[in-house]
Amino acid sequence: MTTSETFILELTDQQLWTGIRNGDEQAYTLIFERYHRTLYNYGSKLSGNSAIVEDAVQEVFIDVWRLRSTLTENVTSVKFYLYRALRRRIHVASDKFPITEELTMLPDWEMPYTYANSETLLIQHESNSMISRRIQEVLSQLPERQIEVITLRYFDDFSVEEIAGIMGINEKSVRNLIYKAITSFRQTPQHFLVSVLILCLLVIF
Amino acid sequence: MKHDPYSLTELIRNDDFIAWVRKPDEKNEIRWRQFLQNNPRKKETVESARRYIIFMGEDTGKSQPTSEQSEKMWKAVERHLRGEEEVKDEEIVEEETEPEPGRVISGWRWARIAASTALIAGMTSFSYWYYVNQAAREHGKDFQIAGVSRDLIERSNNTDKPMLVLLPDGSSVVLEPESSLRYEKSMNAQTRETVLKGKAFFEIVKDAKRPFLVYSYGLATKVLGTSFSVDAPENGKEIKVEVTTGKVSVFSVDELTGTDNKVNSGELKGFILNPTEKVAFSREAGTFTRSVEKVTIAEGERDISKQAFVFDETPVSEVFETLEKAYNIQIMYNESLMGDCPLNATLIGQPIHEKLSVICNALDAQFEIQNNQVKITGLGCK
C-alpha cells in the first residue's frame with residue numbers, strides 16, 4: 001500500500017532520522033515540528049489528563065535526542081517509532097498517576113457472526129452535517145481502544161499492521177476493533193427512532 | 001445471506017478504499033474510478049463511505065495541542081537539547097529593547113528559533129526551512145559539517161515607535177512596534193532571506209540575481225527590488241502584503257516544500273502584485289484574497305508605506321524632517337549651512353541609504369548612517 005507519495009515522505013523522515021543520529025539539531029527540530037501535534041492528539045485518546053500527555057510527548061522527543069547515538073539506522077518508519085514510544089510512555093505514566101481513567105485491557109472483540117443488515121442500517125442518504133454530527137456523537141461514546149484504533153487508522157493513516165505493532169496486539173484484533181467501531185454507527189438511528197416514538201406518544205396524549 | 005464486499009461497512013474498512021480517500025494516487029484512482037464505472041449502483045455507497053472516512057479522520061484529529069501547549073512542549077524539549085546553552089537560549093527569546101547592533105545567532109539556533117516562530121503560528125508546514133537550508137548545504141556551507149556558522153541577526157522593536165533596520169545589502173526596513181526581523185549577517189547567499197514577525201515596511205536594493213525573500217508564517221514574499229509592506233501579526237488570522245512600488249510575488253510557503261529549491265529557478269508560481277495593490281493571506285485556509293482596492297499614496301501621510309517622497313524645490317530642512325519622521329531617525333547636519341538649499345527629487349521606493357545618497361549628491365555632501373543616527377557633512381549650496 002506504499003504510494004509514491006508516502007515513499008517520498010518516508011525518505012524525508014529517514015533523512016532527518018539520519019541527521020538526528022549525527023547530532024543535527026535542525027533535523028531534530030523538524031521532526032518535533034512535524035510530529036508533536038499528531039502525537040499529542042493520539043496521546044489524548046490514551047489519557048484524559050493533558051499534563052500527562054504533554055509530558056509524555058516531551059519525554060519521547062527528549063529520549064530520541066538523548067539516545068540519538070544508539071538509534072537504529074534503518075528505522076522502518078520514524079512516525080511508527082514515535083507513536084509506539086508515546087503509547088508506552090503514557091501507559092507507564094498512567095500507572096504512576098492513578099487519577100486518570102483506568103486503561104483496562106479489554107478482551108479483543110470477536111467478529112460478529114453475521115453481517116446482516118449492516119448495509120441497510122447505516123443510512124446512506126444523509127447530508128454531510130448529519131453524518132458529521134452522528135460520527136461525533138458515536139465516537140464520543142466508543143470504548144477507548146476503539147477510539148484509539150479509529151484515530152490511528154483514519155487520522156494518522158497507519159496501516160492495520162502498523163497499528164498492531166503500536167498497540168502490541170495482532171492484526172485480527174485491530175480489524176475487529178475497527179469493525180466494532182464502524183458498526184456502532186448504526187445504533188444511533190435506533191435511538192433516533194425511539195425518541196421520535198416518544199415524541200409521537202407525547203403528542204398523542 | 002450473501003456477503004457483499006462492497007457494502008458501506010466493508011468499504012469503510014477496506015484498506016485500498018481508505019488509501020484512495022486519504023491519499024489518492026494514480027493507481028488507486030484508476031482502480032476506484034473503474035469500479036464506479038462498472039458498478040454505477042454503488043455510487044451513493046461509495047460517496048457515503050468516503051464521507052464516513054473523511055469525517056472520522058477529522059473528528060479523531062481534533063485533540064491537537066494549542067499553540068501555547070506546543071510552545072511549552074518545545075521549550076521543555078529544547079532545554080534538554082543543549083543543557084549547557086540553556087541560559088543563552090532563554091536570552092534569544094527575550095527581545096531587544098533598544099536599537100543596538102543586532103544580536104548574532106548561529107545557524108543551528110536559527111532553525112530552532114524559526115521553529116518556535118512556526119509553533120507560535122501553529123503552522124503545519126515547516127519543511128521549507130529544511131529545503132532552503134538544504135540548498136545551502138549543497139554549496140558546502142553546512143554549519144554542521146564545515147563548521148562555518150551562518151550568522152544571523154535578530155532585531156526586535158519593543159519601543160512604541162517605528163524602528164529603522166539597515167540590512168547588509170543596503171536595503172532598509174522600517175520595523176513597527178512589537179515586530180521582529182531576522183536576517184543573515186552577511187547576506188551574500190544566492191537569496192536574501194529574512195523572517196518577519198509583525199509589521200514592517202521594506203525598501204529593497206535592486207539585485208535581479210539575488211531575490212529578496214520575506215517569510216512570515218505561512219507566507220513568503222519575493223522581490224527583486226522594490227518597496228512594500230508586510231503585516232503578519234502574531235495572533236492574526238491574515239497576513240497582508242501591500243506594494244508601494246515595483247512588483248512583488250507572494251506565495252504560500254507550502255509551495256516551497258518541493259524536492260528542490262525553486263526560489264531561484266523562477267519556477268515558483270507566485271502571485272504577482274503590482275504597485276499599489278494589496279493581498280491578504282489567510283493563515284488558516286492557506287488561501288489568498290486579492291484586494292482590488294488600491295493603496296493610496298498621499299502627501300502629508302505619516303505612514304511610510306503611503307508616502308510618495310516627492311520633493312519639488314523643497315528646502316532640505318523640510319526634506320530631512322520628512323525622513324526623520326518616516327524612518328524615526330535623527331539627522332544631524334549644519335542647518336544654517338544646508339537647511340535652505342532647495343531639493344527636487346522623487347525618492348519613493350528607495351532604501352534610506354539610496355535616498356540619502358541622492359540628497360547628498362545634490363548637496364555635494366557626505367553622510368554617515370549608524371542605527372537611527374545620520375550625520376551629514378557638507379558646505380551647503382551657497
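Restricted to the range B:339-371, and to residues that are open to solvent by less than 40 Å² (accessible area, probe 1.4 Å) and touching a Ser or Thr at 6+ places or on another chain (Cβ under 8 Å), which residue is farthest from B:S171 (Cα to Cα)?
B:G339
Of all residues in the range B:148-201, count the ones that are open to solvent by less than 10 Å² (accessible area, probe 1.4 Å), over 17 Å from the mean Cα position of the chain (by Cα) and more than 21 Å from B:Q370 (Cβ to Cβ).
0
Could you list, in sequence order, the residues of the range B:310-344 that are in a strand (DSSP E or B) and on the phi > 0 side of the Ramachandran plot?
Listed by number, the list holds a single entry, B:E313.
Residues in the range B:3-39 that are more than 7 Å from every other protein chain (Cβ to nearest Cβ) and either open to solvent by 70 Å² or more (accessible area, probe 1.4 Å) or in a loop (DSSP other than H, G, I, E, B) (or both): how many?
So the answer is 13.
Within the range A:68-77, can one find any residue that is part of a helix (DSSP H, G or I), of a type outside the set (G, A, S) and either at pLDDT 90 or above or open to solvent by 70 Å² or more (accessible area, probe 1.4 Å) (or both)?
yes
Any chance you could count how many residues in the range A:37-56 are out of contact with any Pro (no Cβ under 7 Å at 6 or more places or on another chain) and open to solvent by 20 Å² or more (accessible area, probe 1.4 Å)?
Taking the range A:37-56 as the starting set, the residues that turn out to be out of contact with any Pro (no Cβ under 7 Å at 6 or more places or on another chain) are A:38-39, A:41-56.
Narrowing further to those that are open to solvent by 20 Å² or more (accessible area, probe 1.4 Å): A:38, A:44-45, A:48-51, A:55.
So the answer is 8.
List every residue pair whose Cβ atoms lie under 9 Å apart, where the two residues are 6 or more positions apart in sequence or sit on different chains, the first residue falls within the range B:47-59 and is facing another protein chain (nearest Cβ under 7 Å), and the second residue, located anywhere, is open to solvent by 60 Å² or more (accessible area, probe 1.4 Å) and of a type in the set (D, E, K, R).
B:I53/B:R22; B:G57/B:R22
Under the condition of being among the charged types (D, E, K, R) and more than 8 Å from chain B (Cβ to nearest Cβ), which residue from the range A:57-67 is least open to solvent (accessible area, probe 1.4 Å)? If you could, list the steps in order and put the result at the bottom.
Of the residues in the range A:57-67, the ones among the charged types (D, E, K, R) are A:59, A:63, A:66.
Then keep just the ones that are more than 8 Å from chain B (Cβ to nearest Cβ); that gives A:59, A:63.
Numbers: A:E59: 72, A:D63: 36 Å².
Out of the qualifying residues, it is A:D63.
I'd like the full set of residues that are in a loop (DSSP other than H, G, I, E, B) and open to solvent by 10 Å² or more (accessible area, probe 1.4 Å), limited to the range A:151-167.
Residues satisfying the conditions are A:D157, A:S159.
The values are calculated or read from the model by the stated rules, or taken from the named source; none is laboratory data. Keep in mind that what you see is a predicted model, and the values were worked out from it rather than measured. Cβ: placed from backbone, ideal geometry, glycine included. Neighbour counts: every protein chain shown. In case anyone asks, the SASA skips ligands and DNA or RNA and just uses the protein heavy atoms, side chains included. Shrake-Rupley method; radii C 1.70, N 1.55, O 1.52, S 1.80 Å.
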